[in-house]
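Note sheet for the following structure.
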Amino acid sequence: MSRTFEEAREWVRLGTRLLAGAADADEAVLGAPSALPGWTRKHVVAHVAANADALGNLVHWAATGEPTPMYASPQERAAGIEKGAVLPAAELTAWLRDSARRLEAAMAALGADQWQAPVVTAQGRTVPATELPWMRSREVCVHAVDLGTGVSFADLPAGFLAALCADVVGRRAAGRGPALVLTATDADARWELPGTGEAVEVAGALHELTAYLTGRPGSPTTGDGRPAPALGPWL
Ligand code: ZN
């Protein structure tokens, strides 16, 4: 389930295309609820555009060594989403495209040493800049699905889905959820998620396991055909 740097760069480009296509819609469509509770599609688009700018700060940090956090504060992050969510559709989607283009150009300009530079994410994790494409690919790919305008997890590459499952299992292992053994029925992939109780076997297509693990609607089942146990939020 290991992913490469080059794969993550490619998934950023693919997810950016998918998201831009999914967000290319009129006021009525973008003003409607997304698949994320409490957010319109405009909130989702604004969040992803703001995320590109925020990750751009980390690229700047890696390029210069000057500490520039993703967001000045959680309040700034929330304010950016709220501000973007009331923009006219054309302005909002222009921000989405332009911010993605700026981030891609900034990443393309990083040299080998700069990619190794440590930066600190909004969650307070110190990572080498080489993790930034992976972080961005998660945002564009998962939120393209969250828009709820037609993109589904089944449209995403199997390699991305497997890497995302592995990532989420790693994070959830630190929580107190149910113990699970997850098996993909359409790929050579299996994860053991430590947790409370005797491990429950969960099986489904890779895209179903991804939806389930990331807390999105999905329908993997247990060994005896029952719905998989409920999980708490992912992030
Ligand atoms: Zn996000």
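None of the figures in this text is laboratory data; all of them are computed from the coordinates on show. Because the structure is a prediction, the values reported are computed rather than measured. Cβ atoms come from the backbone with ideal geometry, glycine included; neighbour counts cover every protein chain shown.
Key figures
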quantity	calculated
Where trypsin sites (Lys or Arg not before Pro) fall in DSSP loop in the stretch 59-132, at most 14 other Cβ within 10 Å	R125
Integer Hz, Karplus 6.51/-1.76/1.60 couplings in order for the stretch 200-211, x for Gly and Pro	9, 7, 10, 10, x, 4, 3, 5, 6, 5, 5, 4
Relative contact order of the chain, pairs being alpha-carbon contacts under 8 Å that are 6 or more residues apart, as %	20
Rounded Å value of the spacing that divides the Cα centres of the stretch 207-233 and the stretch 130-198	11
Cα gyration tensor of the stretch 3-105 - equivalent ellipsoid semi-axes, whole Å, descending	24, 18, 11
Column: log10 I(q)/I(0), Debye, Cα scatterers of the stretch 82-134, q = 0.14 Å⁻¹	-0.53
Derived scalar couplings ³J(HN,Hα) [the stretch 56-63; Karplus, 6.51 cos²θ - 1.76 cosθ + 1.60; whole Hz; x for Gly, Pro]	x, 4, 6, 5, 4, 4, 5, 6
Dipole magnitude of the stretch 1-155 about its Cα centre (Cβ charges: Lys, Arg +1; Asp, Glu -1), debye to nearest 20	120
Rg/Rh (Cα only; Kirkwood hydrodynamic radius) as it applies to the stretch 158-222	0.92
222 nm mean residue ellipticity, helices alone, for the chain (DSSP H n ≥ 4; -39,500 (n - 2.57); rounded to 500)	-16500 deg cm²/dmol
Cα-based radius of gyration of the stretch 47-117 once divided by 2.2 N^0.38 Å, which approximates compact folds	1.19
Potential lengthening between A28 and D155 on full extension [0.36 nm per residue; Cα-Cα distance subtracted]	43.3 nm
For the stretch 136-203: relative contact order, % (alpha-carbon pairs under 8 angstrom, 6 or more apart)	24
Computed Kirkwood radius, in angstrom, where 1/r is averaged over Cα pairs of the chain	18.5
Label point at Q123 placed 7 Å out along Cα→Cβ; residues across the stretch 32-65 whose backbone nitrogen lies under 18 Å	48, 51-52, 54-56, 58-59
Label-to-label distance, nm, for residues given as W234 and R97 (7 Å Cα→Cβ offset)	2.8
Cα-centred dipole magnitude for the stretch 158-222, charges only on beta-carbon of K, R (+1) and D, E (-1), debye, nearest 20	280
Prolate/oblate/rounded label for the stretch 120-235 (Cα gyration tensor, a/c 1.5)	oblate
